[in-house]
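What follows is a short report on a single structure.
The values are calculated or read from the model by the stated rules, or taken from the named source; none is laboratory data. Worth saying up front: this structure is predicted, and the values here are computed from it rather than measured. Don't worry about glycine lacking a Cβ; one is built from the backbone with ideal geometry, like all the others, and counts go over all protein chains shown.
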């Protein structure tokens, strides 16, 4: 008797004999109520794909601070509940809807929240047989990744080489591309310029990493967590400051009495955003990456802005995923950088609330949810 072929270890699911998953039940983590744990339950995929939509089998997804903000209602009440979450992942294209040309079935892809090439499709809706409330509609955005499969807008997908490790693909969906954009687009960091980074979680650590790749010097990382600071050191920080134990402003001004060339805040905390601005030189730039709480307002001396000092907000580093992801992957393939340590923990989907709790402690860089 002939042996059955082994499954492709890279997860290529372009099996011609496999039936469509559309209209079938899948497992997903649902945000039902703000400030409450996610509900892991079976939901039903749409019956068909709309124009520009793509069905993706998700293999891995990351947990970003943005999801914590959504759960906590940082931006205020959520009118789309219940809905799916997640905006960074790695997976394989199962089916494509009308008009899709950027990807095809069997393609390995990065899922990202920034717009890339392709159609900006309508958002999908899923069905959930909630035992407490009957049949409910579960909303979703143009990309969601906290589920086994997802219907995703074509312009939130970038194809990657099939031999590239899908485990690290989620890093390109947010952290690495955001950091790449912060350094190259927002800060326009030049070789040898000094940079100060407040907050060294997933995105902050990636900013350290990209600053090192751009040959900045020195690279000063500030956090209150020694685990994160140790990782920042591994990824290129020349100086680390634990602001729980040391006066960060004093330490920075000892090195740069006139301030640093670039200061980046990834925390979204008002006092830290203001401090980042104060520690930026008279001709430097402050880049605000972290999202503040709804209603929080900064208080700064705007007078220097009339001359050469600059401050700017960052929206994902203004990155273009369809362009930037292939560039970064090519650099990684020729060993221009090392991603060891960027992913600190793995969890299964059933344990996603434990993963979220760990992220909240600060003792994680990037937690990855494994679907397969």
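Structure above, values below:
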{"read-out": "Complete set of residues in region 216-232 that are in a loop (DSSP other than H, G, I, E, B) and surrounded by fewer than 24 Cβ atoms within 10 Å (Cβ to Cβ)", "value": "217, 218, 224, 225"}
{"read-out": "Leading residue by the ranking (surrounded by the most Cβ atoms within 10 Å (Cβ to Cβ)) among those in region 39-66 that are in a loop (DSSP other than H, G, I, E, B) and in contact with a helix residue (DSSP H, G or I) (Cβ under 6 Å, 6 or more places away or on another chain)", "value": "63"}
{"read-out": "Count of region 77-92 residues which are in a strand (DSSP E or B) and over 19 Å from residue 45 (Cβ atoms)", "value": "1"}
{"read-out": "Meets criteria (modelled with pLDDT under 95, buried (at least 18 other Cβ atoms within 10 Å of the Cβ), within 19 Å of residue 266 (Cβ to Cβ) and under 18 Å from the mean Cα position of the chain (by Cα)) for residue 356", "value": "no"}
{"read-out": "Residue 258 on the phi > 0 side of the Ramachandran plot and assigned to a loop (DSSP other than H, G, I, E, B)", "value": "no"}
{"read-out": "Wholly within region 297-372, strands (runs of 3 or more DSSP E) carrying at least 1 residues that are without any contact (Cβ under 8 Å) to a residue 40 or more places away in the chain and in contact with a helix residue (DSSP H, G or I) (Cβ under 9 Å, 6 or more places away or on another chain)", "value": "310-313, 345-348"}
{"read-out": "Residue within region 208-215 that is closer than 24 Å to residue 181 by Cα, touching a helix residue (DSSP H, G or I) at 6+ places or on another chain (Cβ under 7 Å) and assigned to a loop (DSSP other than H, G, I, E, B) present", "value": "yes"}
{"read-out": "Residue 171 being touching a helix residue (DSSP H, G or I) at 6+ places or on another chain (Cβ under 7 Å), part of a helix (DSSP H, G or I) and in contact (Cβ under 8 Å) with a residue 60 or more places away in the chain", "value": "no"}
{"read-out": "Of residues in region 279-291 being in contact with a helix residue (DSSP H, G or I) (Cβ under 7 Å, 6 or more places away or on another chain) and in contact (Cβ under 8 Å) with a residue 60 or more places away in the chain, the one nearest to residue 76 (Cα to Cα)", "value": "291"}
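Yes/no matrix, rows are residues, columns are (1) in contact with a strand residue (DSSP E or B) (Cβ under 8 Å, 6 or more places away or on another chain); (2) touching a residue at least 12 places away in the same chain (Cβ under 8 Å); (3) not assigned by TED's automatic domain parsing to the domain that holds residue 59:
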{"residue": "115", "(1), (2), (3)": "no, yes, no"}
{"residue": "123", "(1), (2), (3)": "yes, yes, no"}
{"residue": "128", "(1), (2), (3)": "yes, yes, no"}
{"residue": "132", "(1), (2), (3)": "no, no, no"}
{"residue": "135", "(1), (2), (3)": "yes, no, no"}
{"residue": "145", "(1), (2), (3)": "yes, yes, no"}
{"residue": "148", "(1), (2), (3)": "yes, yes, no"}
{"residue": "156", "(1), (2), (3)": "yes, yes, no"}
